[in-house]
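A short worksheet on the structure shown next.
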Amino acid sequence: MSKGTIRLPASAITGGRVGTARIREQIASAARELADTAPVTLDKPMRTLLSPGSLTWCDVQQMSPVERMQQLGRQPGGKMNKTEAAYAAEVLAPQLHAGVILWYRFEAIKLRLADRTFITIDFPVITSAGQLEFREVKGRWTDDARAKTKIAASQFPFRFIAIQRDGRHGWRTEDLTSRSW
């Protein structure tokens, strides 16, 4: 028998290994599971997510929420990631020493954009001219982060600068300020 242009043995098609019979059975199985109202334990699916040799299921159960968040690669609030720490050490500290900037602090200011929507700026910086700049450092800019920063730039009379690592020793900057206040 043939399925499209591929020639397959008839037993493969009728036995459900190839084609609609297999898919029809998977859909029916999923429908039976959805119709079942008994509570489902998540132990087995969570165990399958753990890679062999790393953490055990007991380790995950004993972790605090902060530790689980750190396992995902996220830092708790108020702690710099490697990119932010590198920017502070390579750019901000030398600028402060040279007198180009007067002050900076990590996550010192939180701006409200809308109801239950905030942005915490990575580095508020006061320049030697007395101007307040907000520098947002990302390893990779997502659409959500860029949108929030642009919305903040349109609402507040400060200079917003997007910063991203460019190679090993450089930094790419982009001015997101939308108005000339």
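The values are calculated or read from the model by the stated rules, or taken from the named source; none is laboratory data. Predicted, not measured: the structure shown is a model, and the values here were computed from it. A quick note on method: Cβ atoms are made from the backbone with ideal geometry, for glycine too, and the neighbour counts reach across all protein chains shown.
See the values below:
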{"quantity": "Unmet requirement for Ala89, which otherwise passes all of (1) surrounded by fewer than 15 Cβ atoms within 10 Å (Cβ to Cβ); (2) in a strand (DSSP E or B)", "calculated": "(2)"}
{"quantity": "Residue in region 125-136 that is within 19 Å of the chain's Cα centre (by Cα), within 27 Å of Ala98 (Cβ to Cβ), at pLDDT 95 or above and in the same structural domain as Val100 (by TED's automatic domain parsing) present", "calculated": "yes"}
{"quantity": "Search result, residues across region 124-142 that are outside any strand (DSSP E or B) and closer than 14 Å to Leu176 by Cα", "calculated": "Trp141"}
{"quantity": "Residue within region 144-152 that is in contact (Cβ under 8 Å) with a residue 40 or more places away in the chain, assigned to a helix (DSSP H, G or I), buried (at least 17 other Cβ atoms within 10 Å of the Cβ) and on the phi < 0 side of the Ramachandran plot present", "calculated": "yes"}
{"quantity": "Residues of region 125-181 satisfying the condition of being more than 26 Å from Ala93 (Cβ to Cβ), of a type in the set (Ser, Thr, Tyr) and out of contact with any helix residue (DSSP H, G or I) (no Cβ under 7 Å at 6 or more places or on another chain)", "calculated": "Thr142, Ser154, Ser180"}
{"quantity": "All positions within region 96-115 that are outside any strand (DSSP E or B), touching a residue at least 12 places away in the same chain (Cβ under 8 Å) and at negative phi", "calculated": "Val100, Arg105, Phe106, Ala108, Ile109"}
